[in-house]
Amino acid sequence: MHNKYRKFIDEKEAPTIDKVVEQFSFRISTHMLNQIDKNNQNDPIAKQFIPSIQELNVTPEERADPIGDELYSPVNGIVHRYPDRCLLTPVHVCPVYCRFCFRKEKVGHSSATLTKEALEAAFDYIKQHKEIWEVIITGGDPFILKPVTIQTLIQRLDEIEHVETIRFHTRVPVVEPHRITETMISALKCNKPVYVVLHCNHPAEFTNEAKAACAALVDAGIPMLSQTILLKDINNNIETLSELMRCFIRNRIKPYYLHQGDLAKGTSHFRTSIAEGQALMKQLRGRFSGICQPTYVLDIPGGYGKTPIGPNYLSLEVEGRCQVEDFQGNIHTYPPEM
Ligand SMILES: *Cc1c(COP(=O)(O)O)cnc(C)c1O
Ligand code: SF4
């Protein structure tokens, strides 16, 4: 049935892996499938999308709703945690299912696509909440929707005066770049700023097709930002991470977030320690251009939101003075002593 992953897994593990995908959806786009090097045991694309028996290993701290979205969902399809912005999740399907997804128990159920009525209720909620300055369309992957549907979503938000910014979070430009057609680009046109945040975790995802898709978006005047999940044995080394940040900049995408892996069920084999993430951030700073620096963030379990967890360079102030560390690790007093 799922013969797309069969050729990448150990025959003996197949029955177990068939069980994994009953619990956590499997899907990979043809474009991503074609990038996998079958002879590379550590292929960064295969690691992200091919299911493994390790997903059955659920640790005690892992949970179904790792970042507490449900606590902040006033109506179906809306997550309103921060005062000035909310998420709108019209779909729960994606062209690929990342094995580490923080919504891995939710994605893949097309029945969770918002009905017309639910979508109206979501728009009503946004209309009634005048403090909502930005709407972030996410999912699932919203760019899996037909351009005409995207255009309608944008038009509806354009009509709401207090919504000044529209943001999409998507993986489509890298995982299924041919969806970024001229029709899609025109569907994204709006009088209000439309930002696109690209989820990408490894330089190998920047194929020529992906580069062309990103260029088409940026050429159309759409600012792009990036988000990356720190993933063990995929991008948790300075060579890969710095190259990924440079790939973003080369493609006119500003690095935005580097996420600490969320506590989604069966994802411990992907998680690194926060100390490791901080050490990588220290290596990025100073040695790589300032525009290559993402913010390292943790989404606090329980719905408390994202918080920066990068390394600290400044000591507490004592008698008006503190100690500050430079990028080479040397300590200085500030203000300097006379
Ligand atoms: C991540 C997230 C956002 C966006 O946060 P930014 O820091 O503005 O990128 C908004 N709402 C919710 C519920 C989120 O989880
Ligand atoms: S594309 Fe995003 S929402 Fe979809 S499976 Fe990957 S991380 Fe999850």
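Summary table
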quantity	calculated
Glu131, sole failed condition from (1) modelled with pLDDT of 95 or more; (2) crowded, with 17+ Cβ neighbours inside 10 Å; (3) acidic (Asp, Glu)	(2)
Residues located in the stretch 156-173, provided they are of a type in the set (A, V, I, L, M) and either outside any helix (DSSP H, G or I) or within 10 Å of ligand 2 (Cβ to nearest atom) (or both)	Ile160, Val163, Ile166, Val172
Candidate set from the stretch 167-191 (those that are within 16 Å of ligand 1 (Cβ to nearest atom) and not hydrophobic (A, V, I, L, M, F, W, C)); member that is surrounded by the fewest Cβ atoms within 10 Å (Cβ to Cβ)	Arg167
Residue within the stretch 78-89 that is more than 23 Å from Leu230 (Cα to Cα), part of a loop (DSSP other than H, G, I, E, B), in contact (Cβ under 8 Å) with a residue 40 or more places away in the chain and within 12 Å of ligand 2 (Cβ to nearest atom) present	yes
Contacts under 8 angstrom Cβ, first residue in the stretch 121-136 being over 15 Å from Tyr82 (Cβ atoms) and in a helix (DSSP H, G or I), partner away from ligand 1 (no atom under 13 Å from the Cβ) and basic (Lys, Arg), 6 or more apart	Phe123/Arg156
Failed item, numbered, when Gly108 is tested on (1) small (Gly, Ala, Ser); (2) surrounded by 21 or more Cβ atoms within 10 Å (Cβ to Cβ); (3) away from ligand 1 (no atom under 16 Å from the Cβ)	(2)
The stretch 264-280 - residue that is buried (at least 21 other Cβ atoms within 10 Å of the Cβ) and not polar (S, T, N, Q) and, of those, farthest from Leu230 (Cα to Cα)	Gly266
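Results for (1) out of contact with any strand residue (DSSP E or B) (no Cβ under 9 Å at 6 or more places or on another chain); (2) surrounded by fewer than 18 Cβ atoms within 10 Å (Cβ to Cβ), shown as yes or no for each residue.
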residue: Pro74; (1), (2): no, yes
residue: Pro83; (1), (2): yes, yes
residue: His92; (1), (2): yes, no
residue: Arg99; (1), (2): yes, no
residue: Tyr125; (1), (2): no, no
residue: Asp141; (1), (2): no, no
residue: Thr149; (1), (2): yes, yes
residue: Thr152; (1), (2): yes, yes
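The values are calculated or read from the model by the stated rules, or taken from the named source; none is laboratory data. Only a predicted model underlies this, so the values are computations on that prediction, with no experimental measurement involved. Methodologically, a virtual Cβ is constructed for each residue, glycine included, from the backbone with ideal geometry; neighbour enumeration extends over all protein chains shown.
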